[in-house]
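Some notes on the structure that comes next.
Every number in this text was worked out from the coordinates using simple rules, so none of it is lab data. What you are looking at is a predicted structure, and each value in this text was computed from that prediction instead of being measured. Here Cβ is always computed from backbone atoms with ideal geometry, including for glycine, and neighbour counts include all displayed protein chains.
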Amino acid sequence: MTELNLEFEVENPELPLEMDRIGLSFLKASAKNYSSEWFEELYTKKKSVIKTYSWSFFLPEARFETETIRIRGNKFFISFSDANMAELLKFYNAFSLMKNKSHPMNKNSMKLVAIKARNLPEIKDTELIIKMQSSLIVRKHNSEDNTDIYYTCEDAEFPSMVKENLKVFLEKLNIDMDISGFSITPLKGKKVVSKVMSRYTDQSIGIYKLTGNPELLNLLYVAGLGSRRSEAHGKFSILF
């Protein structure tokens, strides 16, 4: 398993509040610049495409203000991983083609200056203590009226709905994997509310205990947990 660490430089340390949009626009620009056909496969509007990747930001000493995020210095970072190794290689090549090119931000610009690949250790345990690197979004979607109900670590239904989201994820990818032993338990979880693609959404951050078979936990380590994983949500690091 491999994680890509992307280093960006910005014109000034005042970033847009909705960095998820900025990051997603960079991913799309990278894919389209690399291959128009691949871009259509990933981001076609004709159908919903379940992604196998997750990513998160690291914004040094970030201060969240009313309309902006102010960081220390002029650099920020993205950690990117993908359960599909062939796709991860495509993204690596796509990112490489974007190096040192200016990408627009609201009243600012960003430039990818370095890419580093890091090997992730294989998980052999059946229990992990994790910390969310990006907020965990858990939702129940009603396809009949196109509405969503969101659950956080404060809700009694939270563990079962995380498992339900996982079940849907595996089914849509036609992955046959045992999830009977999967569970998630908040240890130092916290509910937060912030904008996700311009809509205020209930989310969870903090520290959790995960249980499951090693094959499943390895998949989640690179693909992420919950919903909107491909939009900077659900990525976690392992504490122990």
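Numbers for the structure displayed
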{"item": "Loop trypsin sites (Lys or Arg not before Pro), segment 1-85, which have at most 16 other Cβ atoms in a 10 Å radius of their Cβ (DSSP)", "result": "LYS45, LYS46, LYS47, ARG72"}
{"item": "Using a Förster distance of 30 Å, the FRET efficiency for HIS103-ASP148 (Cβ separation, nearest 0.05)", "result": "0.50"}
{"item": "Ratio Rg/Rh [Cα only; Rh per Kirkwood] for the chain", "result": "0.95"}
{"item": "Segment 1-156, relative contact order [Cα under 8 Å, separation at least 6], %", "result": "34 percent"}
{"item": "Tail weight of P(r) past 15 Å, computed on alpha-carbon pairs of segment 71-150, percent", "result": "76 percent"}
{"item": "For segment 28-120: relative contact order, % (alpha-carbon pairs under 8 angstrom, 6 or more apart)", "result": "23 percent"}
{"item": "Sparse-neighbour loop sites [chymotrypsin sites (Phe, Trp or Tyr not before Pro); segment 1-59; at most 13 other C-beta within 10 Å; DSSP]", "result": "none"}
{"item": "Mean ellipticity per residue at 222 nm, deg cm²/dmol - from DSSP H runs of n ≥ 4 across the chain, formula -39500 (n - 2.57)", "result": "-8500 deg cm²/dmol"}
{"item": "Mean separation of Cα contacts under 8 Å (6+ apart) over length of segment 135-210, as relative contact order %", "result": "32 percent"}
{"item": "Per-selection Rg to Rh, segment 164-240 - Cα, Kirkwood hydrodynamic radius", "result": "0.96"}
{"item": "Counting all C-alpha pairs of segment 1-72, share separated by more than 20 Å (%)", "result": "43 percent"}
{"item": "Shape metrics for segment 102-240, restricted to C-alpha atoms - Rg then Dmax, Å", "result": "16.2, 48"}
